[in-house]
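The values are calculated or read from the model by the stated rules, or taken from the named source; none is laboratory data. Note that the structure is a prediction, hence the values are computed from the model and not measured. A quick note on method: Cβ atoms are made from the backbone with ideal geometry, for glycine too, and the neighbour counts reach across all protein chains shown.
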Amino acid sequence: MNPLIAHEGHDHHPSVQTKKAVADSIWEQEHIELVTVGIDIGSSTSHLIFAKVHLQRRTQGLSSRYEVIKREILWQSPIRFTPFLDNGLIDADALGGFIEHAYFDAGLHKHDVDSGAVILTGEAIKRSNAKAIDELFAQQAGKFVCATAGHRLECVLAAHGSGAVERSRRLKTVTLHVDIGGGTTKFALIDRGKIVSIAACAVGGRLMATDEQGNWVRCDDSIRTVCNNLEIRFDDISEISNLHRQQIVTRLAEVLVAIISRSTNDQLVDELILTEPLAWSVVPDEMSFSGGVSEFIYDRETKPLGDLAFDLANELRHQLEDAPRVPHIVDVQHGIRATVIGASQFTVQVSGKTIYADSLDFLPLRNVPVVHPNIDLSVESIDVEVIAEEIISACRMRDVDRDSPIALAFEWKGDPSYQRLKAIADAIDQALCCPERVAPLVVVIDGDVGRLLGRILSKELSKGANVLSLDGVVLSDLDFIDVGELISPPGVIPLVIKSLVFDTAQHAEH
């Protein structure tokens, strides 16, 4: 008898095929591929991008969180003007048709898409049917992060989506990123990959626009503010001459240059600013642009599109050449598509067992924005006022209303003494719970102190009615979470984490 055949059933050494099957199984558990879609509906334009995201499980401890290791664009839609009805509302039907055609042209069906993000930005969020549009696309495209980005969050999204944050981190530079859209301009001051200050003003390339016949028919309120400053009088936009229009463009560019060069001499800046001014804690080494107007600044687009963008870009470049204290201009990965680069990846984590809540009647929760303040808990003494202000600042940067559901996340460091936990609880109370909190607050900590902190908030500060304190979970800024109901046993709460993904691929320096 052939000895190889005789011993086949008793050989305890795995075959090559078995080893490969085990290796493939392990690889599949450690790696995930998702098809994602990002949809941006802005003041001027709307666009969409499909991408395939490759994720790998983090190797730290027993983390179930995955991080993006590769991202490839599958298809990008053409840029189209955001359609509005005669009554000023966004035309949801027209946008729905645009999305349907995008899926068809990309060769995809909605069931092919694993996750995505719908972001409404700029003037679009002012429309009374913005929420309906948000939900329309969520239902149409599947599992979505649905975010209405106010001016501050849009600053953050543009800085990340353009590649400016990644460039600043990688090159260890201080960068001023300027996103000039249709109705607003967003600024982000970035110090070695960390956004330290943001601001927005009502300057954009589509504050005035023509119809298909070339007649000037659109005029936003910002133009009237500028015209008052220039003493230009008009009742109808058609009365604004070419000379006056150039004067308007010049003043808009002067406002941007005044902000970029840290000048405080232009009264019009105060009238057009939409947020608090930039805080110049660091001086930028370089400056980058994104948004529709950036396409003209970088000469990627050279043909006027029936608005002010072409002239504004040329005037801005001209003024920047002669302006003092202006950093040199560098190019970044993405211009007009900066915001829509964000799509969402889905990961699941389970809380630790040391959770605390007076009641879980408010669960489940969906699409809760994560606020991750910049706080250092490695110091022995915790300053309540400083921590409270950092929490408030982080909410402001994310455009999160304290009266809406919030997930407050931070990393625990140092000794879990009562004094230190009480200081954190006092800061949370001061920032988010005074005088009384009605909307749910989910406190999420990576360290094993969730029950202790929750007990202090509930029993000592009487803030537990709508507060859930979890630990053993790692979250990041620009995450959204779905919080499930308690699983008992083992007494844990599942969380679906939806992270905005940005393209951080290497690119040539300019």
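Is it the case that residue 471 is modelled with pLDDT of 80 or more and within 18 Å of the chain's Cα centre (by Cα)? Judged against the criteria, residue 471 is not a match.
Just to be sure, is residue 326 crowded, with 16+ Cβ neighbours inside 10 Å and not hydroxyl-bearing (Ser, Thr, Tyr)? So residue 326 fits the description; yes. Can you tell me which residue among 116, 97 is assigned to a helix (DSSP H, G or I) and either surrounded by fewer than 24 Cβ atoms within 10 Å (Cβ to Cβ) or modelled with pLDDT under 90 (or both)? Selected residue: 97, the only one of 116, 97 that is assigned to a helix (DSSP H, G or I) and either surrounded by fewer than 24 Cβ atoms within 10 Å (Cβ to Cβ) or modelled with pLDDT under 90 (or both).
Within region 182-201, the set of residues being closer than 20 Å to residue 313 by Cβ, out of contact with any Asp or Glu (no Cβ under 8 Å at 6 or more places or on another chain) and not in a strand (DSSP E or B) is empty. Of the helices (runs of 4 or more DSSP H) lying entirely inside region 241-301, those containing at least 2 residues that are at pLDDT 95 or above and touching a Ser or Thr at 6+ places or on another chain (Cβ under 9 Å) are 242-260, 267-272. Being touching a residue at least 40 places away in the same chain (Cβ under 8 Å) and among the polar types (S, T, N, Q) is the filter; apply it to region 461-484 and report the residue that is farthest from residue 432 (Cα to Cα). Only one residue fits best here, namely 476.
Among the residues of region 391-417, how many are assigned to a helix (DSSP H, G or I), surrounded by fewer than 20 Cβ atoms within 10 Å (Cβ to Cβ) and in contact (Cβ under 8 Å) with a residue 24 or more places away in the chain? So the count comes out to 2. Scanning region 271-285 for residues that are aliphatic (A, V, I, L, M) and under 17 Å from residue 254 (Cβ atoms) yields 272, 273, 278.
Take the residues of region 166-181 that are surrounded by fewer than 24 Cβ atoms within 10 Å (Cβ to Cβ) and not in a strand (DSSP E or B): which is modelled with the lowest pLDDT? If we take residues in region 166-181 being surrounded by fewer than 24 Cβ atoms within 10 Å (Cβ to Cβ) and not in a strand (DSSP E or B), then 166 is modelled with the lowest pLDDT. Counting only residues that are more than 30 Å from residue 193 (Cα to Cα) and of a type in the set (D, E, K, R), region 456-497 holds 4 of them.
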